[in-house]
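Note sheet for the following structure.
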Amino acid sequence: MSAPRRVVAAMSGGVDSAVAAARAHEAGHDVTGVHLALSRNPASYRSGARGCCTIEDANDARRAADVIGIPFYVWDLSERFHDDVVVDFMDEYAAGRTPNPCLRCNEKIKFAAVLERALALGYDAVATGHYAQLVTGADGLVEMHRAVDDGKDQSYVLGVLDQHQLAHSLFPLGDSPKSEVRAEAARRGLLVADKPDSHDICFVADGDNAGWLREKLGERAPNHGGAIVDADTGEELGRHEGTYGFTIGQRKGLRIGRPAPDGKPRFVLDIEPVSGTVTVGARERLAVRQLTGIKPRWCGTVPRVVEGTVQLRAHGAELPATVRVSGDEVAVELHEPAYGIAPGQAAVVYDGTRVVGSATIASTA
């Protein structure tokens, strides 16, 4: 842990953020717990206690702060969350892309809006329950590395953080496995010790992305139906209710009327929002060897060439790759094929365990 600082601990109401706040407090930091109210009507985002936007979560966070013995406040960031995360999610799907709202939330809310407010109030850093590690390199820059628990590592969704944000961040859980964190929570008397982890997208009820988008987009949807066609024959195989309900690489829920002649399953290969056409075909046609990324975010200095690895999904495997940077464009050459990669997803670049940065995938080949 670093020298004592005034720290805002972002407390979601889950076990990870509670233990992170407790560790920061125990390390001698002057810690204030903050729960982020991301919806003015929490029930409209998620029912139950599996997300991070419920009244139950706010109450759990408050009780944890009381046990730790730190001040606690609720910060209303609902408007900014809606504008920067929810609207972005809708717009991306409407355009036929596949966004990751967790990355956008980390970039725009937890490490932009929260840090901005914390610094303005005289705090020095924001602590969260993310599983990642921070170390100061020989050049004095703060490096972000993968967590020791491979199964919980969250460096992918933190790949949007820049050097300023990393220098004002604390990740107290990065050196611990999840089982140890739960056991510690129980020893500390935190009632969230056995609380299930949140899943899916926090603002989409029941994980039904297509149904949620149908309701929220309404007349703003680029289409309200179209054809599902075979990539090889051009034959119409079925109809759908909106391209926003699909993502590249999707296999389930296609509702195709008949099996392929070769008996193999079909996958979504292309989404065309203007015509409303969804093209499907064999998995082999999803193979991707090259990516073009835009809107890069670098954790330290801007690289020119990285011979390292790239992670393309939050829970995906690392793939060896050569990454070349030219201005705001990132060219990724994969050394082995990836499948089902969609525009809008993030490509996070690693040099060993160190996160170099990330870019939004614009195109694949």
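The values are calculated or read from the model by the stated rules, or taken from the named source; none is laboratory data. Since we're looking at a predicted model, the values are computed, not measured. All Cβ positions, glycine included, derive from the backbone under ideal geometry; neighbour counts span all protein chains shown.
Summary of computed values
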read-out: Residue list for segment 159-174, restricted to those being outside any loop (DSSP other than H, G, I, E, B) and surrounded by fewer than 19 Cβ atoms within 10 Å (Cβ to Cβ); value: 163, 164, 167
read-out: Unique residue being of a type in the set (Val, Ile, Thr) and over 23 Å from residue 212 (Cα atoms) when the list is 268, 288, 274, 278; value: 288
read-out: Residue list for segment 242-296, filter: of a type in the set (D, E, K, R) and crowded, with 19+ Cβ neighbours inside 10 Å; value: 266
read-out: Qualifying residue in segment 158-179 (condition: of a type in the set (Asp, Glu), modelled with pLDDT under 95 and not assigned by TED's automatic domain parsing to the domain that holds residue 273); value: no
read-out: Segment 130-158: number of residues that are in a loop (DSSP other than H, G, I, E, B) and either aromatic (Phe, Trp, Tyr) or out of contact with any Asp or Glu (no Cβ under 7 Å at 6 or more places or on another chain) (or both); value: 13
read-out: Residue within segment 300-307 that is on the phi < 0 side of the Ramachandran plot, in contact (Cβ under 8 Å) with a residue 60 or more places away in the chain and either of a type in the set (Val, Ile, Thr) or surrounded by 13 or more Cβ atoms within 10 Å (Cβ to Cβ) (or both) present; value: yes
read-out: Residue match in segment 225-236 (condition: in contact with a Ser or Thr (Cβ under 7 Å, 6 or more places away or on another chain), touching a residue at least 60 places away in the same chain (Cβ under 8 Å) and among the small types (Gly, Ala, Ser)); value: no
read-out: Count of residues meeting criterion [at pLDDT 95 or above, of a type outside the set (Phe, Trp, Tyr) and farther than 30 Å from residue 229 by Cβ] in segment 267-318; value: 17
read-out: Lone unmet requirement of (1) farther than 25 Å from residue 287 by Cα; (2) free of Cβ contacts under 8 Å to residues at least 24 places away in the same chain; (3) not assigned by TED's automatic domain parsing to the domain that holds residue 12 for residue 264; value: (1)
read-out: Residue check, residue 40 at pLDDT 95 or above and not hydrophobic (A, V, I, L, M, F, W, C); value: no
read-out: Spans of strands (runs of 3 or more DSSP E) in segment 175-279 with at least 2 residues closer than 21 Å to residue 343 by Cα and either in contact with an Asp or Glu (Cβ under 6 Å, 6 or more places away or on another chain) or not aromatic (Phe, Trp, Tyr) (or both); value: 226-230, 267-272
